[in-house]
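Here is the structure we will look at, set down as structure tokens.
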Amino acid sequence: MADLPDALPADYEPAHVFRVVAMPLERGWGVWLRAADDSIIHSFGLGLSPETPFRPEVLDVLGPILNLQFRLAYMDDAAWDEIDNHWSAVVYEYTPR
């Protein structure tokens, strides 16, 4: 599994995150947490090569990180839409049990 992302901003609130965007970059998969106005709240890398398939490999790593580190969740794997060269899903605040 990838290392957990760097520390969150001091003012991080999961309720402010509207969607998550994941995209393969030259150095690996990048992830952005975005607000409803599309501003970037936080970003991090997954430590996976850009050739790693989004389904299921990237989601297998990204899902638990969103739950545990960022307190976010998405409905199911079908919530992710492929748009051009990136994947995007609407997320909601999540409290792990």
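Tabulated values for the structure
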| read-out | value |
| --- | --- |
| Subset of region 33-45 that is over 9 Å from the mean Cα position of the chain (by Cα) and surrounded by 14 or more Cβ atoms within 10 Å (Cβ to Cβ) - its residue that is farthest from residue 23 (Cα to Cα) | 41 |
| Test result for residue 71, out of contact with any Phe, Trp or Tyr (no Cβ under 7 Å at 6 or more places or on another chain), open to solvent by 50 Å² or more (accessible area, probe 1.4 Å), among the basic types (Lys, Arg) and touching a residue at least 12 places away in the same chain (Cβ under 8 Å) | no |
| Selection status of residue 46, closer than 18 Å to residue 80 by Cβ, touching a helix residue (DSSP H, G or I) at 6+ places or on another chain (Cβ under 6 Å) and not small (Gly, Ala, Ser) | yes |
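The values are calculated or read from the model by the stated rules, or taken from the named source; none is laboratory data. A quick note: this is a predicted structure, and the numbers were derived from the prediction, not measured. Cβ atoms come from the backbone with ideal geometry, glycine included; neighbour counts cover every protein chain shown. Just the protein is used for accessible areas: all its heavy atoms, side chains included, with ligands, DNA and RNA removed. Shrake-Rupley method; radii C 1.70, N 1.55, O 1.52, S 1.80 Å.
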